[in-house]
Structure formats: C-alpha cells, structure tokens
2 protein chains.
Amino acid sequence: MKYSKLIIPTTKEIPAEAEIASHKLMIRAGYIRKLASGTYIYLAMGVRSLQKIVRIVREEMNNSGGQEILMPLLQPVELWEQTGRKDDYGDTLATHLDRHGRVNVLAPTAEEVVTSLVSSEISSHKQLPVNLYQISTKIRDEFRPRFGALRSREFIMKDAYSFDINREGLDRSYRAMHEAYCRIFDRCGLPYVTVDAASGEIGGSGSQEFMVPCDAGEDIILSSDRNNYSANIEKAATGHREHDFEAKPAGDLEKVYTPEMKTIEEVSGFMKVKPANMLKTLVFKQEDAWVIAVIRGDHELSEEKLNIAAGGNCVGDIEAQVEEAGFPIGFVGPHIATGRKDVSVIVDPDAARGDFWAAGANEKDHHVKYFNWKRELLDPLDEAAGDKVMVADIRKAMDGDPSPINDGGMLRESRGIEVGHIFKLGTKYSKALKATVLDENGNQVPCEMGCYGIGINRILASAIEAGHDKNGIILPIAIAPFEIEIISLNNDQENVRTAAEKIYNGLLEAKAEVLLDDRDVRPGVKFKDADLIGIPLKLVIGKKGLENGNIEIQTRKNGKTDHISVEKAVEHAMAVLNKLKNKNEN
Amino acid sequence: MKYSKLIIPTTKEIPAEAEIASHKLMIRAGYIRKLASGTYIYLAMGVRSLQKIVRIVREEMNNSGGQEILMPLLQPVELWEQTGRKDDYGDTLATHLDRHGRVNVLAPTAEEVVTSLVSSEISSHKQLPVNLYQISTKIRDEFRPRFGALRSREFIMKDAYSFDINREGLDRSYRAMHEAYCRIFDRCGLPYVTVDAASGEIGGSGSQEFMVPCDAGEDIILSSDRNNYSANIEKAATGHREHDFEAKPAGDLEKVYTPEMKTIEEVSGFMKVKPANMLKTLVFKQEDAWVIAVIRGDHELSEEKLNIAAGGNCVGDIEAQVEEAGFPIGFVGPHIATGRKDVSVIVDPDAARGDFWAAGANEKDHHVKYFNWKRELLDPLDEAAGDKVMVADIRKAMDGDPSPINDGGMLRESRGIEVGHIFKLGTKYSKALKATVLDENGNQVPCEMGCYGIGINRILASAIEAGHDKNGIILPIAIAPFEIEIISLNNDQENVRTAAEKIYNGLLEAKAEVLLDDRDVRPGVKFKDADLIGIPLKLVIGKKGLENGNIEIQTRKNGKTDHISVEKAVEHAMAVLNKLKNKNEN
C-alpha cells in the first residue's frame, strides 16, 4: 500500500486522558481515533494489526478442533435470568430495549446462548466433545472506560465453549485450549505468563489467565521467587502461616471512646495503634446466619477466599441488614460472636495471634485495646455450643508472603495485562439451561463445560505496552500492520521514485506486506513517522545512496542499519524478513 | 473437515414462520438456528459461507482502492441528531442507554461517524479521494423481522464511504464502486440486475440497487421489455402519458351522501363507480402551504416523485394538522384549491383527463359525481391569481406503463432481493458535520460523498433463493461452505474407510475445501443430507464400486454422475472442481 493513499494521522499531541503507553501511541501513530468515551475507530493501521491477530487466533482454534460459529450480539435477557447472571453482571451488562418492549442483552460473552444451542442440537454423548467458538464484537457498559483499547466499552473477543461428557473430557478440552493459547501468544510474539485466577461472575471450578507482564497492567500477579507458582491477586494463595489463639493477654481489655471513627485509618491515628495491630472485622450474611471475617488492619480481604472457606453464598455490602441484626458497623469486634448462635467467625492466620490488638468494642463509637482471642472469644465460646471459630487463609496475598508451594519460596508482586482467560465451568450453565445428553448407560447427564476467551484488541495494546521506545511502537512482525516500509527520501526525484517503486513492486510480488512512504514531505517527517508506527523493517532509498548503488536497511527494534545493493534489495530484504518472522514464531 | 465433528443439524421440519425457500433451507440444512425474533446463530456451514463472501468483498474493495477501517457499533446519538437522521429512521433505530444516561445508537449504518472522522482527519483536497469501508455487524430494530437472513434485526454489512473534492470525483468513485460490485456479485456466482433506486432516508442525488431477481424478493422492479431501463418501483419513472384538462363535462356535478366512507373501496362500492374513475386526493404540508396530490383511485402515490415534482419538503401523515387547516379528510376533492392561495395541486397525467370522475365534495360525509377539471377547478382558478395546478408523474409505475425511455417499450413488473445499494450522497452529511477541505484555490468546500452497502447475509440467502431444488440448496462453488463432499457409504468397512480417508487427505493436500461424511448412518441419510446442504461436487465411495476400482463423482446442480478410478480420484476431482470454479468466476 502507498502511504499517501492511507489515512495514518500521526500526531505529536498526546490526548490528556491517555495514561499508558499503548493508549498514547495508538492515538499518536494513527492506529485508532476516539469516537466517544470507551469507543474507538480503528483506522487502516489498527485494522490490519487486528486482522493479523484474528488470523492467528482462528488458525490455532481450528487446529485445536474448534468449530467456528457466529452468535448474535442481541441476546434475550431471559437466558441471563435463567442462569442468574443478569444480577451478577449488574450495571456492566449493556442492554437494548426494542420497539416491542423486549430487553436484549448486548453480548459481553455468550455462555447462555451457546448452552441453549447445545441444549437443542446435541442429545448424545456420541456427539461430544465439541468446541464452539466465535470471533465477534462484545459490549461491556464499563463504569469508567480507560486505557484506550485495554478497557473499552466495545471490543473484539474470541470466545470458545467446550462441551464434554465428563470431568476427564473437560480436563482434556481445557488442556487443548491451554496449549492453543500458548501457541497463539507465541505466534503473536507476546511475552506472557499463565497465572491461577479467580473465576468471578463466570463461575466454575478452576481458571487460568494469560498475562502480559507490564507495569501498566490493571491486574496484580503474585509469583514465587522459585518460579513454580503464579496467580492473580484475586486468587493467589499463601503458604502456611502459624497462628496462636492461646497467647496470654498483654493487658486488661480497655474501652476507648472513638466517636464517629469507623475506618482503620481514623481509629489507628486517634488511638495511636498501628494498623498491623488492629483487627479488621467484616460482616457477611450467609443464608439466615452471619459470618464475621477477621483480618489484620493492614491486610485486604479476599471475598473469593472467604467464600471458599465459609462454604459459599456469603453476601456483603448490605449495611442496612447488618445494622438491623445488631452489628454496630465500624465498631464490631470478633467477640460479638459470644452468645450468638447465628454468628461464626473466620480468622486469617495473621490476625489469629497473641499480639496486642485493638478491635471494635461492639458498641457504637467505641473500640477496645488489649483484645485477646482466648480471653475475649474462645473461652466464653467454649461454654456455649460449639465450633464457631475457624482459621483460614482469607486475605489477599501480598508481596513477601510465603509461596503456597511451601518450599521456602516467597511471593513477589508484579503487574500484567490479561489477554486470555480459560475456565472450567463444570455444569453451572448446562444445568441451568438443560444442556444434557444421554450417556453410555442411557442416563441424562449435564455437559461438563469450559469457556475460553481472548481479547483481540488487548493483544495489540499489550504488545505495544511490551514493545515500544521513546520514538514509538515496536510490534512483533506477526502482528505489525505491515512487515516492511520503504522510505522514498527524495520522492520528487525521478530516479529515487523509480527505484522505490521497483523495489516496492518486487516486494509485493514476493508476497511481503509492504508500505511505501511516497509522500511529498521532508525526510525527517518520514523517519519520525516510520519510528512512530513501528513497522519492523525499513528500507531507505535516497539520492545519495543511489549514486553509490545502494540503499539502507534498518530494523525498528535495535536500529541496526546495513547498506545493501539496489539490485539485490528485494532478495536481501526478504531474507531479513523471513529471519524476523522465524524468530517471532518461535 | 469431518462431518461427524461438525454441528450440521439437518432436519425435515420446516419452521412454521419460514415463508420463503432460503429461510426454510438454511434452517433445514443446519446453516442457521433462530435465537429470537430476527436473530440467528450461524453454525459452521453458515459461517463458512459468510466468510467466503466476506473474503470476496474485501478483495474487491481493496482492489478498488478501498481502505478498510472499523467503526464502533455504539454511536453517540448526538451525531444522528446533527444530520436529522434520528427522526428519519424513527423506531427502526435501535439504541442503548448506558449507565451514565447517554443514548448510544446501535449502528444500522455509519455515514455520521465516518463523516465526523474525515472532518477531523482530512483537511486538504490533496488527501482526496478516499474510500473508507468496514465489514461489521449492523442492527435495525425491524418492526417485523422476517424471511430469515433477508430481514433480520442483526446482520453483517459492508459499508463504504467515498469522499471527493467535486462532483466529477464523486462520479468516478461511484463508477469504481459500481464496477467493484459487479465483480463481487459475479464472483459470488449471483444472478443480478442493477436498477435505479430511490434514495430514501439516506438522502442524496442518485442511487442504484443491485437486485437478485426472484419471486420471494421484497422489492418490486419495473423493467422495460426493450431491456434498456430497470428501476425499483419506488423510483421507476413512466414514459410520456397524455393528459387533457379541457375535456367537456360528462354531466352536471352531483353531490352524493357518503356517510363515514373515507376509503376508495368504500366509496367505490357504495357509489358503484370503479376506482379507475375516482380521484384519490392526498394532502401534504409544504412549509406554510399545502400541496394536494391527485392520482387515479386505482393508482398508488410515490411520495418520492411527489417531492421531486413539488420541490421537496412535503410532509404527509399529519391528520390533525390537515383537519385543522380545513381539509375534511376522506372527503377532499381537487376543487378545494379554488380560492385558497395557500393550496397548490399536482395531478398525475392519468388523473388529468376528461373522463367521468367521482371525487371528494370538500364537505364531510359527501362525495361528488361528474367532476370536471375545467369546470370545477381550472376556470375558477384562472380568475384568481395563478399557476396553482400542475401535471406531473407522481404515481408509482406499474406493469404495462410506457417505458420512460419513450421508445415504445413497456414496463414489466418482477421481484428481486436487494443485495447491494450505491448512493451519490453529495454534501448532505459533509455540510451537516463540517467535513470540509481546502480546495486548490484555498477555499473551504464540503466533500462530495458517496456511500455503498452490501448485505453479506443477504448474498447467501439470495444465492439460495436463486439456487435450490426440491431436495435442497445448490450454491455457487465460490460461496459454498465446502467445495467437495466425500460420502463414505459403508464407513464400517475398513477398505471403504481407508479409501475415503486417502482421497480426503489427497484433496486437502491439493487445497480443496473438502467435507468427509464419516458418520455411522445409513447411505440414504448421507445422500439426503448431501443434497440438502448443497456442496457443489460429491464423491461417493462404496463397497461395490471399490470392488471394480472406481468411485462416483456427481455435481449437485445437474446431478450428472461419472465413474472415476480410485487411483485418479483426486486428480480427476480437482480438474472438475477447477472447471466449476472457472465457470463460477466468469
């Protein structure tokens, strides 16, 4: 293609709202233009990259036994009500109210639709396994769209769904997708790690994320310094941590007047107690009973872990109900469980120790000092009926925690961008939507499902996060909009123009993806734009070089420049290109 | 691919709502499944066809200088308000109200967005011409979705937009698209005609539709029997038709009491006057004045033609205003213009004759007989000021009308499916959205725009309308899901299975798109399904044939069967395939 015919609106201006490199550079290099909050027009350069990514994803999905289908963007809301996900998604679920008063979900994902399809069309285990996938536009009504292509309201997602007759089948399908994802990201030239992940509102028994490590990432990853464990902070476990409920009191329990002070920060400052010596007590409803989660004041609760420890169905953020049930919010201490049969306590090991503790006094506007587990809670509880206090890992893991492998490794924190996510769903959707098949014994059994997502636009953005310098984008050749750019330095001179056109046509014939900068602008502008848009290989054709019969060849990544003869330019460039391609694909 | 691995849910059942062949067959052959009213899941067979169509469209768009971009599905409603199209589209425009209370249009088309892009990114005539296109999902909130893939709420459209510095440039861009469209439909193997078309709510100065002729089509085409004129009924002109205002009265004007009878049918039945002898009088507002359109009772008004004759801005369907202005709806006659300076009359030639006429009496519940143009209207009008009566072609053309070429040809009616539509938009959008550029003289001028649409799903459906028989689908090879199907008749026999696999792998190596029916079902089922899904070429491998060293090769279209040797099966099949491909592409 010729540069002069394409709209590649490069610019020096950085949009004020762009916080991260990929967002800034995709705008500056004319890959995208903002239409409205969280929506972008992809121009020629952006579309070419996306299409190359899509091609790789499609090939690897087909190679892994995936079967491409296309499901509607408009989905009946009734399906989402049947699985309960309408509520789980909440306001992020975008909808369209049609002229007949029907609510249509604008698909953020398609578990419900694909399960209802399988429910109608597959009836026997002989038709399994199947893996149905699509590559299509998805919508999320983000509260705060940001980071350009990373968190937009509209994006292209590859979503795949596997259906198996049993757990072993699901494990096989899941592994096949894991391997396909590795091949996809390898071929895209992306650096990535796989981490254990929380399942969130999708549900299911296990999941892993594919993360591109980079400081701009929204996700926090915890990895063992022994390189044998890596997980999203939402999911990361910690290794064994000692606890000690029996420790002797450090002093008599003392009540302190802390008017209107409900947060750890307020109380800590007022009482002059470090957050690490305070107990953070959170109240959750679990059916007709209450669960008190206790962690150290400087730690953060993991609701995912709490739910696992408590056996599920813990509901938080229900202040009114909590107050009504007699919990003075902001002033609750663990000893509120004393004498209340409807309350159980789950304590994180770091909070279950014999230190000095400050805690809520279970009385409005009051806290206590010298809280002691045995004296305040265990002893009184022992007198009542039961097993109401348990110790479990319920806080988010942190940098410095012991690795859950328990091999002496330590967790270290880093950031990443999620580009892929694979889930074992189990039977959550197949049960809700009656996707059952006859098994070998003639019994109706629900399909074991997996689901597997890849964000196409995110691959592009994260490749730019991982590949750029102060001058612009440096994309892996497999997903760059063009493989090679020819800069015709003095396009007003006929011999330069002719040489450039000849090499351009030669490269096209050799099936290279080539961009010819034939614009009537200064050489400096061409060089700057070339660096900005980040085509991996560059040929520079100028008057002076031609006088000596040679042109320059330069790689974007390391700036290495060679001089090659005009005659052998195409041959030489193709050799370098193929070398770059081979490196990228390994 | 192997049949056993794909979901191709063929069925004998015809869904009750399916009225036309393509809808019935796409369901029966397992190309699509309905999700909800007007939305369909495309299964493997459907997706493969769509992708082949997309590839052809993309190649020809790129070959014609098109530049692919991707615009959001979510469009700010404010852009639609700026061009006034929000009202023009009315309830068909689907919207999404986001969590911040903003209204997002779900794109049915993208004139506004692309024009706003060009407005920001293109500033000089030197950057023109450009042709920006995308291939993406579009939404229309159809009142009554029907005909399966032909009129669904969600579909894939290729929409292209050209920007030129002047009319001549637009003409060139328009011609280039016309030619590209011909190549696209030729390559898809579609029979088609181009017809003059009305511009509808898109606006602009000229447009043509590409129609696939077929009885199930929603559009009515009028074509001269001399093959030199063809137009959509919304647009079709008629040849010269005589009129005669001076004819003598056939009798005295006679008032008839026609209580509550407002329609032609009611009055005609009651008065025993044929509709062809009645005047149908319709009232339109034009700014502060009124336009009375008069056609014969058995004819149909073309609002498009009326608007052209009247000079634009005629607004109908405003009963309350019409009544208030003193027009007794259902009882208006042309002579109401007498003495009213705010009323002008436009009469179709067929209604401007000296026959006996029945007309409204301009008095509630009354009509008149023996209406005479000269006596009732022209003579009294002559006394007042002016030129208030004009004769113009304002009715829809009909079968039997003279061709507008005025060469003695006669218009004949047929039906078609619109698969493509090209428009000269002019400056409607570029003015409204300020897409201006500096011309050679340094003046800011609005771009001359064209827009060009192709319905991807419609190409598939109309190809099926044009190509099927009682047994199923017959698709052109260029857009069939597979090129060749191998039927392994006795898949339980090892030698049959081995021979089938060998030929299957041979064809895959030769780059054929091949489907192997390896299912454990009866031969009859395989034959029926093969006919139904309509793969152009079929190889039948069975026990008996193999004993004689041969297999059968059969074309779907004419059922022609040959026997070929097992050894040369791949070679022979590829030769037949290539012949089919060459025919299709011419």
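The values are calculated or read from the model by the stated rules, or taken from the named source; none is laboratory data. Keep in mind it's a predicted model, so treat the numbers as computed, not measured. When we count neighbours, we look across all protein chains shown, and the Cβ atoms used for this are built from the backbone with ideal geometry, even at glycine.
Some values worked out for this structure:
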item: Residue that is surrounded by the most Cβ atoms within 10 Å (Cβ to Cβ) [pool: residues in the stretch A:221-231 that are part of a strand (DSSP E or B) and touching a residue at least 60 places away in the same chain (Cβ under 8 Å)]; result: A:222
item: Sole exception among (1) at pLDDT below 90; (2) more than 18 Å from residue B:409 (Cα to Cα) for residue B:257, by number; result: (1)
item: Single match in A:494, A:501, A:485 (criterion: over 25 Å from residue A:188 (Cα atoms) and either in contact with a Leu (Cβ under 9 Å, 6 or more places away or on another chain) or buried (at least 23 other Cβ atoms within 10 Å of the Cβ) (or both)); result: A:501
item: Test: residue in the stretch B:51-68 that is within 10 Å of another protein chain (Cβ to nearest Cβ) and part of a strand (DSSP E or B); result: yes
item: Residues of the stretch A:6-23 satisfying the condition of being under 25 Å from the mean Cα position of the chain (by Cα) and either more than 29 Å from residue B:66 (Cβ to Cβ) or at pLDDT below 95 (or both); result: A:15, A:16, A:17, A:18, A:19, A:20, A:21
item: Filter result (in contact with a helix residue (DSSP H, G or I) (Cβ under 9 Å, 6 or more places away or on another chain) and either farther than 13 Å from residue B:4 by Cα or in a loop (DSSP other than H, G, I, E, B) (or both)) within the stretch B:512-528; result: B:512, B:513, B:514, B:518, B:519, B:520, B:521
item: Qualifying residue in the stretch B:44-62 (condition: assigned by TED's automatic domain parsing to the domain that holds residue B:186, β-branched (Val, Ile, Thr) and farther than 18 Å from residue B:480 by Cα); result: no
item: Answer residue from the stretch A:419-455, given it is aliphatic (A, V, I, L, M) and surrounded by 24 or more Cβ atoms within 10 Å (Cβ to Cβ) and is nearest to residue A:215 (Cα to Cα) among those; result: A:419
item: Matching option when the condition is on the phi > 0 side of the Ramachandran plot, surrounded by fewer than 16 Cβ atoms within 10 Å (Cβ to Cβ) and either in contact with a helix residue (DSSP H, G or I) (Cβ under 7 Å, 6 or more places away or on another chain) or touching a residue at least 24 places away in the same chain (Cβ under 8 Å) (or both), among A:218, A:246, A:260; result: A:260
item: Cross-chain or 6+ apart pairs with Cβ under 9 Å, the stretch A:526-546 first and closer than 13 Å to residue A:30 by Cβ, then part of a helix (DSSP H, G or I); result: A:529/A:3; A:532/A:25; A:532/A:28; A:533/A:45; A:534/A:25; A:534/A:464
item: Any hit, the stretch B:79-88, residues being at pLDDT 95 or above and facing chain A (nearest Cβ under 10 Å); result: yes
item: Verdict on residue B:559 being out of contact with any Cys (no Cβ under 7 Å at 6 or more places or on another chain), outside the structural domain of residue B:46 (by TED's automatic domain parsing), farther than 21 Å from residue B:493 by Cα and surrounded by fewer than 17 Cβ atoms within 10 Å (Cβ to Cβ); result: yes
item: From A:4, A:37, residue being closer than 16 Å to residue B:73 by Cβ and touching a residue at least 40 places away in the same chain (Cβ under 8 Å); result: A:37
item: Residue identified as in contact (Cβ under 8 Å) with a residue 60 or more places away in the chain and either of a type in the set (A, V, I, L, M) or in contact with an Asp or Glu (Cβ under 8 Å, 6 or more places away or on another chain) (or both) among B:209, B:154; result: B:209
item: Candidates B:201, B:234, filtered to the one that is charged (D, E, K, R), modelled with pLDDT under 90 and touching a Phe, Trp or Tyr at 6+ places or on another chain (Cβ under 8 Å); result: B:201
item: Verdict on residue A:464 being part of a loop (DSSP other than H, G, I, E, B) and over 26 Å from residue A:170 (Cα atoms); result: no
item: Residue within the stretch A:559-571 that is of a type in the set (Asp, Glu) and either within 23 Å of residue B:126 (Cβ to Cβ) or assigned to a strand (DSSP E or B) (or both) present; result: yes
item: Test: residue A:210 is aromatic (Phe, Trp, Tyr), crowded, with 19+ Cβ neighbours inside 10 Å and more than 14 Å from chain B (Cβ to nearest Cβ); result: yes
item: Criterion violated by residue B:238 - all others in (1) crowded, with 20+ Cβ neighbours inside 10 Å; (2) under 30 Å from residue B:149 (Cα atoms); (3) among the β-branched types (Val, Ile, Thr) satisfied; result: (2)
item: Residue A:416 being over 22 Å from residue A:332 (Cβ atoms), under 24 Å from the mean Cα position of the chain (by Cα) and either of a type in the set (Lys, Arg) or crowded, with 23+ Cβ neighbours inside 10 Å (or both); result: yes
item: Enumeration of residues in the stretch A:363-380 that are buried (at least 20 other Cβ atoms within 10 Å of the Cβ) and either among the aromatic types (Phe, Trp, Tyr) or more than 42 Å from the chain's Cα centre (by Cα) (or both); result: A:371, A:373, A:376
item: Filter result for residue B:35 (out of contact with any Asp or Glu (no Cβ under 6 Å at 6 or more places or on another chain), modelled with pLDDT of 95 or more and within 7 Å of chain A (Cβ to nearest Cβ)); result: yes
item: Test: residue in the stretch B:18-26 that is closer than 20 Å to residue B:459 by Cβ, charged (D, E, K, R), out of contact with any Lys or Arg (no Cβ under 8 Å at 6 or more places or on another chain) and part of a helix (DSSP H, G or I); result: yes
item: Among the residues listed as B:113, B:130, the single one being over 30 Å from residue A:144 (Cβ atoms), within 7 Å of another protein chain (Cβ to nearest Cβ) and in contact with a helix residue (DSSP H, G or I) (Cβ under 9 Å, 6 or more places away or on another chain); result: B:130
item: Test: residue A:72 is at pLDDT 95 or above, in a loop (DSSP other than H, G, I, E, B), farther than 22 Å from residue A:163 by Cβ and facing chain B (nearest Cβ under 7 Å); result: no
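Conditions tested, residue by residue: (1) out of contact with any Phe, Trp or Tyr (no Cβ under 9 Å at 6 or more places or on another chain); (2) free of Cβ contacts under 8 Å to residues at least 40 places away in the same chain; (3) within 26 Å of residue A:33 (Cβ to Cβ); (4) surrounded by fewer than 18 Cβ atoms within 10 Å (Cβ to Cβ).
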site	(1), (2), (3), (4)
B:12	yes, yes, no, yes
B:48	no, no, no, no
B:52	yes, no, no, no
B:79	yes, no, yes, no
B:92	no, no, no, yes
